[in-house]
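The values are calculated or read from the model by the stated rules, or taken from the named source; none is laboratory data. What you see is a predicted model, and the numbers here were worked out from it, not measured in a lab. As a convention, Cβ positions derive from the backbone with ideal geometry for all residues, glycine included, and neighbour counts pool all protein chains shown. Each accessible area value is taken on the protein alone, full model and side chains, heavy atoms only, with ligands, DNA and RNA left out. Shrake-Rupley method; radii C 1.70, N 1.55, O 1.52, S 1.80 Å.
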Amino acid sequence: LISRLQAFLPQVKLVHRLDCDTSGIIVFGLTPQAQAHLGQQFEHRKTQKRYIARIAGHPTEEKGRVDLPLCVDWPNRPKQHVDHENGKPAQTDWKLLALEGEDARVVLKPLTGRSHQLRVHMLALGHPILGDRFYAEGAALAASDRLMLHAEELTLHHPNGGALTTFRSECPF
């Protein structure tokens, strides 16, 4: 995306990224000042993110918080894993939206921003995200030809004036 944008807007800078297989909202800054302002919001957790995911199985609860530290799984990079000794803090709030056959649709709200956080946290709950080629196996992997994770909503302070602004992208699945 950044290469495509820079072909028309050479000054554009990437602010926020998504895992390669995740669909949805991504943020770029048009000026160095905007990029710095937006980057600070992500770094200091001033943004609010909402994801939609389809997961394998049915959670026993309707909502919860996953609070498990994560770090890179060095022999299997880029995979991450839960590591209580060396991991960095990672928290995800989740809420059940609907049961869909043998699977479920959930809202995921990361409170931290670790690599693969949502994917590893759902796996740790015993409900991998459907179609996840890194963490799902068997029926959960075969259930979709894509990762069923979508960045649906992002709220931040606009770099031009500071107004609280929400961007939304309808979930395609």
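Brief remarks follow.
- The range 1-54: translational diffusion in µm²/s, Stokes-Einstein, Kirkwood Rh over Cα pairs, 37 °C, 0.692 mPa s: 268
- Protein-only accessible surface order, largest first, of ILE2, ILE55, ILE25 at 1.4 Å: ILE2, ILE25, ILE55
- Net charge over other residues, Cβ less than 12 angstrom from the Cβ of ARG54 (K, R count +1; D, E count -1): -2
- Percentage, to the nearest whole number, of Cα pairs in the range 88-173 over 18 Å apart: 51
- Computed extension gain for SER3 through VAL107, at 0.36 nm per residue and net of the alpha carbon distance, reaches 34.4 nm.
- Stokes-Einstein diffusion for the chain, with the hydrodynamic radius set to the Kirkwood value over Cα pairs and evaluated at 4 °C in a medium of 1.567 mPa s, equals 76 µm²/s.
- Here the convex hull built on the C-alpha positions of the range 20-90 has a volume of 169 cubic angstrom per residue.
- Based on C-alpha pairs under 8 angstrom that are at least 6 apart in sequence, the range 1-119 has a relative contact order of 22 percent.
- Near SER144, the amide H atoms lying under 5 Å from its own belong to GLY131; only residues 5 or more places off or on other chains count, and H is placed 1.01 Å from N.
- Here the sum of -39500 (n - 2.57) over DSSP H runs of 4 or more residues, divided by the residues of the chain, equals -5000 deg cm²/dmol at 222 nm, to the nearest 500.
- The fraction of accessible area contributed by carbon and sulfur in the range 74-173 is 50 percent, rounded to a whole number (1.4 Å probe; ligands and nucleic acids excluded).
- Degrees between helix 32-43 axis and first principal axis of the chain (Cα, 0 to 90, nearest 10): 30
- Taking amide hydrogens as placed 1.01 Å from N in the peptide plane, the amide H of LEU97 sits under 5 Å from those of ARG105, VAL106, VAL107, each at least 5 positions away in sequence or on another chain.
- Proximal aspartates and glutamates relative to LYS109, as straight alpha-carbon distance under 20 Å, when same-chain residues fewer than 8 apart are discounted: ASP19, ASP21, GLU43, GLU61, GLU62, ASP67, ASP93, ASP132, GLU152, GLU153, GLU170
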